[in-house]
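Asks: Attaching a single structure in structure tokens format; questions to follow.
No value in this document is a laboratory result; all are computed from the given coordinates. Predicted model, so just to flag it, every value in this text is computed and none were measured. Here the Cβ positions follow ideal geometry from the backbone for every residue, glycine too, while neighbour counts run over all protein chains shown.
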Amino acid sequence: MNEKNIAAKPDGRYIIEIRDMHKWYGDFHVLSGINLQVKEREKIVICGPSGSGKSTMIRCINRLEEHQKGQIIVNGTELSTDIKNIEKVRAEVGMVFQHFNLFPHLTIMENLTLGPIWVRKIPKKQAEETAMMYLEKVHIAEQARKFPGQLSGGQQQRVAIARSLCMQPKVILFDEPTSALDPEMIKEVLDVMIDLADEGMTMLVVTHEMSFAKSVADRVMFMDAGQIVEENNPHDFFDNPQHERTQLFLSQIL
Amino acid sequence: MSEDTAQQKKPGREYLDAPITKIGAVAWLRANLFNTWYNSLLSVLLVYGLAVTVPPFFKWAFVDSLWNSSAAACRDIDGACWSIIPQNVKFIFLGFFPTGQEWRPILAMAILIGLVIYSRERHRWRKSLLWMWLIALVVMGTLMHGGVFGMPVVETSKWSGLPLTLMLSFFGIIAAYPLGVLLALGRRSRMPTIKTMCVVYIEMIRGVPLISLLFMSSVMFPLFLPEGVTIDKVLRAQVAIIMFTAAYIAEVVRGGLQAMPRGQYEAADSLGLNYGQTMRLVILPQALKIVIPPTVGILLAAFKDTSLVVIIALYDILKTTKVTLSNPQWTNYSTEAYIFLALLYFIFCYAMSSYSRRLERELHTGR
């Protein structure tokens, strides 16, 4: 086993703990009794039909959505209405969105240094050096002075990944990161995500890219109707799904 | 796909030039002015209209006109009597400001215009610029009011003409803009008290004409003050203009805030930026850019609306011109005077609107 793979192995500490979490949109019970523990360096892929609540669940982890019942503890901090706690959690949790959500009025470099400078209070020069390092990592360093609108979708998503890396997060949430991309750009984004996984980043990925799940995930989860229906290691999940709804879903997308 | 990559030519494929038959002056005329019978008719009518009106106007304004003569000399000519301007230049521009002290308002205006021109470059928008404006405000106030350094005191009731117009409008605009932005943020606040206060303010102010606000500030407001306390009339008019303009700016800015995609807030939140940072660094720079065109519309209106202070007996440049025209010698030359005034207003308004277009261009980041 080489060094990379040792670093990539999950260790014992829980970075995210969700206990019996419920969420309602008005009267509608979107998430019901979610329990989830994520260890450091663990890679989890969440799949499920649209409307199953998988995006909503990971958005609860950095409080883009509010849960109404149960506990969410991120890196030792429990999420409550306390805005200081929320900001603390958000600084530790990176997020990559389906539609990239880069800041169009800022250059790529400014997009990357905004968080480090204003949230982490890192000096500008140092933040730029770090940003350049991550831009090189996602193979896009030569675009640093351009604006997001001048890049392709795949490039923008790689910038978005670099932007969350610049905050040196404990965990990164990916909310369907390749769903808005043209087919030929999906691979360049997935390759960057695979590199990250190999280096031991803790990742929660909502995606329909089952090849990614097979090759990278420690655990795969299937969600339906606001509940986690089934979870297993990728091998058993794909070859021997237990639940009827999982079987139906897999037969539809594979 | 991006603009640059879209224009990159790939090797191994032939790129043709656009057809040449559509280029050249005659082709342009045919394509744009004479492409259909009704378009041709319109073009002919337009040319006829210009031919009928322009030469006589030119003759009136430039050939038969007098530029700096006495009023008596003007009576013998058919053309324009532009002399009304140079002959009354002091009163039109400076109104009742005491003779011998004219250098003070002129210097104040020079400082104001100079600073506006200096502020045009975006790289100068730093904290030091804010200090320069504050210092300039004090210096201009001192110059106009006097009472120190051996300058005799000039009461604000004597401030008139162009300095009054410029100060009311520029300081009105500069103070109203940030106030309007705050009101817009307040109206979108989740805190019910702040939201309600902002909504009530905005709707109340927008529900009354500026004239009535000016009246209230000048007639009603003093009634509520304890005896012996007075607040300067010019200052009250200035506050009324600021309050009025801010309410309109607030609604335009709110439109810009609503146009912002939710993903921008979420991306800022997910980085851990707090509310103030999110607004200042992410949301407002984009939202304010979107609403530059309607904002400039409001600022232009505010600039021109300062002429309404005439109803509370302040003598802005429109009023000083009117007073000049009430002199029997010059009564007949109102056309010339108003053309001159229109030109003056136009210069300031056009400068503002072309600057706004430049800003839009500079802030465009492709998308």
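Asks: For segment B:155-328, max minus min Cα coordinate along each principal axis, in Å, sorted largest first?
Replies: Projected onto the principal axes, the Cα atoms of segment B:155-328 cover 70, 36, 26 Å.
Asks: For segment B:17-63, take the alpha-carbon Rg, divide it by the Kirkwood Rh, and send me Rg/Rh.
Replies: 1.24
Asks: Here is a follow-up. Just to be sure I understand: with springs between alpha-carbon atoms less than 10 Å apart, which residue in A:VAL93, A:VAL74, A:VAL30 has the highest mean-square fluctuation in the Gaussian network model of chain A?
Replies: Sorting by GNM fluctuation, first place goes to A:VAL30.
Asks: On to the next question. Identify unpaired cysteines across chain B, taking unpaired to mean no other cysteine Cβ lies under 4.7 Å from the residue's Cβ.
Replies: Cysteines lacking a close Cβ partner in chain B: B:CYS198, B:CYS349.
Asks: Sticking with this one: From the P(r) of chain B, can you give the percent of Cα pairs sitting at distances over 25 Å?
Replies: Tail fraction, whole percent: 69.
Asks: Now for a different question. Summarise the partner chain shielding of A:94-106 as one whole number: the mean count of Cβ atoms from other chains within 10 Å of each residue's Cβ.
Replies: What the average comes to for A:94-106 is 5.
Asks: For the protein assembly as shown, build the convex hull from the C-alpha positions and give me its volume per residue in Å³.
Replies: Considering the Cα atoms of the protein assembly as shown, their hull volume per residue is 260 Å³.
Asks: Hey, could you get me the Stokes-Einstein D for segment A:130-254, Kirkwood radius over alpha-carbon pairs, 37 °C and 0.692 mPa s, rounded to whole µm² s⁻¹?
Replies: Estimated via Stokes-Einstein, D reaches 207 µm²/s.
Asks: Quick check: the distance between the Cα centres of segment A:206-223 and segment A:126-186, to the nearest angstrom?
Replies: 21 Å
Asks: To the nearest 0.05, how large is the calculated FRET efficiency for B:TYR338 and B:LYS195 if R₀ is 41 Å and r is the Cβ-Cβ distance?
Replies: 0.35
Asks: Here is a follow-up. Hey, what number do you get for chain B at 222 nm if only DSSP H runs of n ≥ 4 count, each worth -39500 (n - 2.57), divided across all residues, to the nearest 500?
Replies: -20000 deg cm²/dmol, from helical runs alone.
Asks: May I pose another question? In segment B:267-281, whose amide N lies under 12 Å from the spot 7 Å out along Cα-to-Cβ of B:TRP125? List them in ranges.
Replies: B:281
Asks: Going through the cross-link list B:LYS233/B:LYS319; A:LYS88/A:LYS146; A:LYS54/A:LYS146, which pairs have a Cα-Cα distance over 27 Å in this structure?
Replies: The answer is A:LYS88/A:LYS146; A:LYS54/A:LYS146.
Asks: Let me ask something additional. Could you calculate the FRET efficiency of A:GLU231 with A:GLN71 from 1/(1 + (r/R0)^6), where r is the beta carbon distance between them and R0 is 22 Å, rounded to 0.05?
Replies: That gives a FRET efficiency of 0.70.
Asks: Return the long-range amide H neighbours of A:PHE174 (sequence gap of 5 or more, or a different chain), with a cut-off of under 5 Å between placed amide H atoms.
Replies: A:VAL96, A:LEU204, A:VAL205, A:VAL206
Asks: Continuing with the same structure: Remind me, what semi-axes does segment A:1-130 give for its equivalent ellipsoid, largest first in whole Å, using sqrt of 5 times each Cα gyration tensor eigenvalue?
Replies: Each semi-axis is √(5λ); the values are 28, 21, 16 Å.
Asks: Choose one answer from B:ALA72, B:ALA184, B:ALA287: the residue with the largest mean-square fluctuation in a GNM of chain B with alpha-carbon springs under 10 Å.
Replies: Of B:ALA72, B:ALA184, B:ALA287, the Gaussian network model singles out B:ALA72 as fluctuating most.
Asks: Evaluate the distance, in nm, between pseudo-label points positioned 7 Å from the Cα of B:ILE106 and of A:GLU184 along their respective Cα→Cβ axes.
Replies: Each label point is offset 7 Å from its Cα along the Cβ direction, giving 6.9 nm.
Asks: Further question on the same structure: To the nearest 0.05, how large is the calculated FRET efficiency for A:GLU78 and A:ASP239 if R₀ is 30 Å and r is the Cβ-Cβ distance?
Replies: Using R0 = 30 Å, I get an efficiency of 0.20.
Asks: Let me ask you something else. Taking H as built 1.01 Å from N, whose amide H comes closer than 5 Å to the amide H of B:PHE96, not counting residues under 5 places away?
Replies: Placed amide hydrogens put B:SER160 under 5 Å from B:PHE96.
Asks: Sticking with this structure for a sec: From other protein chains only, count the Cβ atoms within 10 Å of every residue's Cβ in B:261-267, then give the mean.
Replies: 6
Asks: For segment A:80-201, what is the largest minus smallest coordinate of the Cα atoms on each principal axis, given in angstrom and ordered from greatest to least?
Replies: Its Cα atoms span 42, 31, 28 Å along the three principal axes.
Asks: Determine one quarter of the surface area of the Cα convex hull of segment B:99-153, which equals its mean projected area, and express it in nm² to one decimal.
Replies: 3.8 nm²
Asks: Per-residue HN-Hα couplings for segment B:193-199, Karplus 6.51 cos²θ - 1.76 cosθ + 1.60 at θ = phi - 60°, whole Hz, x for Gly and Pro?
Replies: Karplus values, whole Hz, x for Gly and Pro: 5, 4, 4, 4, 4, 5, 4.
Asks: Taking all pairs of distinct Cα atoms, average 1/r, flip it, and tell me the Kirkwood hydrodynamic radius of chain A in Å to one decimal place.
Replies: 18.8 Å
Asks: Give me, ordered by chain and number, the residues 5 or more places off B:SER69 or on other chains with an amide H under 5 Å from its own placed amide H.
Replies: Close amide H contacts, sequence-distant or interchain: B:SER83.
Asks: Can you tell me how much longer the chain between B:GLU203 and B:GLU362 gets when fully stretched, taken as 0.36 nm per residue apart minus their C-alpha distance, in nm with one decimal?
Replies: 53.9 nm
Asks: Determine Rg/Rh for segment B:94-229; Rg is computed over alpha-carbon atoms and Rh is the Kirkwood hydrodynamic estimate from the same atoms.
Replies: The Rg/Rh ratio comes out at 1.04.
Asks: Positive end of the dipole of segment B:99-153, charges at C-beta (+1 Lys, Arg; -1 Asp, Glu), about the Cα centre: which of B:VAL138, B:TYR118, B:GLY100 has its Cα farthest in that direction?
Replies: Among B:VAL138, B:TYR118, B:GLY100, the one farthest towards the positive end of the dipole of segment B:99-153 is B:TYR118.
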